[in-house]
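The values are calculated or read from the model by the stated rules, or taken from the named source; none is laboratory data. Note that the coordinates shown come from a computational prediction; the quantities given were computed from them, not determined experimentally. Because the Cβ atoms are built from the backbone with ideal geometry, glycine has one as well, and the counts that use them run over all protein chains shown.
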Amino acid sequence: MNAPTKRTVYLDHAATTAVDPRVVDAMLPYWSRSYGNASSIYKLGREAHHALDRSRQTVADLLNCTPNEIIFTSCGTESDNLALRGIAFERRQRTHKNHIITSPIEHHAIGHTVEQLEKHFGFEVTLVPVDRYGMVDPVDVEEAIRPDTALISIMYANNEVGSIQPIAAIGEIARHHKIPFHSDAVQAGGALSLDVKALNVDLMSLSAHKFYGPKGVGLLYARRGVSFLPMQTGGGHERNRRAGTENVAYIVGLARALELAHEELLDSNARIAALRDRLIAGILDRIPDSQLSGHPSQRLPNNASFLFKYIEGESILLNLDLMGVAASSGSACTSGSLEPSHVLMAMGFAHEVAHGSLRLTLGKENVDQDIDYVLEVLPGIVDKLRQISPLYSAVGVA
Ligand SMILES: Cc1ncc(COP(=O)(O)O)c(C=O)c1O
């Protein structure tokens, strides 16, 4: 059989995306032409301020909220930190509530923040379980609520396995119990509806680089009336909720990227999901002892994650890289560590199974030929790794 013609295929859109050239165009004037400080009163400053106002309005329209409810931040991680710490400290000070509910499959921006709140600041944390598909059951969230619950934070869509959580139902429960509800929507941005009213969220985090915007800019939606302690103090920026001179060019980029994502959502989701489904079917069909991880239907349109028995996800990645394919085993932040993914462990997979994970996340520039190529090279890579795997020979399949 002829060796496949090598091509470059990017299948790690959950890690980050390329900035759309239309986003770059929108940002360009704010580098060295309208470069004023948005707080300055002269013309240059006013230009920057208007750009900020326009961006805030664009984002608010897309999220179905008011511009004052949008706080621009430096990234999704900062938005998550601000929501969690800000609410936890404010609520404890004002209401003496000390308990946080979250899930074990959150991104580390939530998981490590909650761990720190528990370890160093005396908060109590309940992790609601997830099922085999990585789904949170709203009933479990309700059961975890205590009189001293200060905050609930459950992610909208998981970054590793793509499962989409029943956010609106969880939000309804939180509202019924008058507990602020935050959702990390970083992976959902650009793929799912972000209507904060329909989702019943009080706070929601987004990050531009997941939807073809620049890295280093995010936002936190905070519903009017939900008060939190600012984590960054200084000037009165963002209505005293996040001090620091606004990064106008990046904020303009975030707003333009979100606008484009929203305009193109239906078409691009349908096209990407069709490619993803072909990829999933092809892999499960061609590779024995493989399984899909995450929910079979309630999953992000671009996420195809797998578990391959007897081998290491990291070795698959290195071999794919040699063949020009960029992929991930779990989240970009956990790749490179030898610990199996906390998400797969929480879903109930054994260590040795969780180690063989591969995440392929598609994007708008992927085409049919990319899928053909992966289906051509991946079975050979898995087979080659299994031939040298002690686990594989130990079970007598070699
Ligand atoms: C679910 C989730 N939350 C938060 C983040 C952090 O976002 P940022 O990279 O903008 O800090 C990520 C990034 O991968 C993510 O996937």
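Go through region 168-187 and count every residue that is among the small types (Gly, Ala, Ser) and within 16 Å of the ligand (Cβ to nearest atom).
Residues flagged as among the small types (Gly, Ala, Ser) and within 16 Å of the ligand (Cβ to nearest atom) within region 168-187 amount to 2.
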Sort out which residues of region 77-111 are more than 16 Å from the ligand (Cβ to nearest atom), within 20 Å of Glu143 (Cβ to Cβ) and either surrounded by fewer than 23 Cβ atoms within 10 Å (Cβ to Cβ) or of a type in the set (Asp, Glu) (or both), and write them in order of number. Lys97, Asn98, His99
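So if I check each of Ala255, Ala249, which one is modelled with pLDDT of 95 or more, in contact with a Phe, Trp or Tyr (Cβ under 6 Å, 6 or more places away or on another chain) and closer than 30 Å to Pro67 by Cα?
Values: Ala255 fails: in contact with a Phe, Trp or Tyr (Cβ under 6 Å, 6 or more places away or on another chain).
Exactly one residue qualifies, and that residue is Ala249.
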Region 92-135, residues that are more than 21 Å from Ser207 (Cβ to Cβ) and of a type in the set (Val, Ile, Thr): Thr95, Ile100, Ile101, Val125, Thr126, Val128, Val130
Members of region 363-385 found to be out of contact with any Phe, Trp or Tyr (no Cβ under 9 Å at 6 or more places or on another chain) and of a type in the set (S, T, N, Q), listed by number: Gln369
When (1) under 30 Å from Thr361 (Cα atoms); (2) in contact (Cβ under 8 Å) with a residue 60 or more places away in the chain are applied to Gln93, the one that fails is (1)
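Out of all the residues in region 208-257, which are of a type in the set (S, T, N, Q) and out of contact with any His (no Cβ under 8 Å at 6 or more places or on another chain)? Quick ask: steps written out before the conclusion?
Taking region 208-257 and keeping what is of a type in the set (S, T, N, Q), we get 227, 232-233, 240, 245, 247.
Across region 208-257, the qualifying residues are Ser227, Gln232, Thr233, Asn240, Asn247.
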Of those in region 1-49 that are touching a residue at least 12 places away in the same chain (Cβ under 8 Å) and aromatic (Phe, Trp, Tyr), the residue farthest from the ligand (Cβ to nearest atom) is Tyr35
Taking the criterion of being among the charged types (D, E, K, R) and within 15 Å of the ligand (Cβ to nearest atom), would at least one residue in region 188-200 satisfy it? no
Starting from region 175-188, take each residue that is farther than 9 Å from Leu206 by Cα and in contact (Cβ under 8 Å) with a residue 12 or more places away in the chain and list its partners that are within 9 Å of the ligand (Cβ to nearest atom) and of a type outside the set (Gly, Ala, Ser), counting only C-beta distances under 9 angstrom and pairs at least six apart or across chains. His182/Asp80; His182/Ile110; Ser183/Met155; Ser183/Tyr156
(1) of a type outside the set (Val, Ile, Thr); (2) closer than 28 Å to Gly36 by Cα; (3) over 19 Å from the mean Cα position of the chain (by Cα): which one isn't true of Arg271, the others all being true? (2)
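Do the conditions hold for Ser74, that is, is it more than 20 Å from Val128 (Cβ to Cβ), under 20 Å from the mean Cα position of the chain (by Cα) and within 14 Å of the ligand (Cβ to nearest atom)? First the steps, then the outcome.
Details: more than 20 Å from Val128 (Cβ to Cβ): yes; under 20 Å from the mean Cα position of the chain (by Cα): yes; within 14 Å of the ligand (Cβ to nearest atom): yes.
Here the answer is yes, as Ser74 does meet what is asked.
Could you list all residues from region 343-398 that are basic (Lys, Arg) and within 30 Å of Ala270 (Cα to Cα)? Break it down into steps so the answer makes sense when it comes.
Filtering region 343-398 down to residues basic (Lys, Arg) leaves 359, 364, 384, 386.
Scanning region 343-398 gives Arg359, Lys364.
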Which members of region 284-323 meet the condition of being in a helix (DSSP H, G or I) and within 30 Å of Leu265 (Cα to Cα)? Leu284, Asp285, Leu317, Leu320, Asp321
Can you tell me which residue within region 251-288, out of those that are free of Cβ contacts under 8 Å to residues at least 24 places away in the same chain and touching a strand residue (DSSP E or B) at 6+ places or on another chain (Cβ under 9 Å), is nearest to Gln387 (Cα to Cα)? Leu284
Those residues that are under 12 Å from Arg359 (Cα atoms) and at pLDDT below 95, I need them from region 315-333; list them, please. Ser329, Gly330, Ser331, Ala332
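Would you list the helices (runs of 4 or more DSSP H) that sit entirely within region 1-100 and hold 1 or more residues that are within 24 Å of Gly189 (Cα to Cα) and touching a Leu at 6+ places or on another chain (Cβ under 9 Å)?
Working: elements: 21-27, 29-32, 43-63, 76-95.
Those helices (runs of 4 or more DSSP H) span 21-27, 43-63, 76-95.
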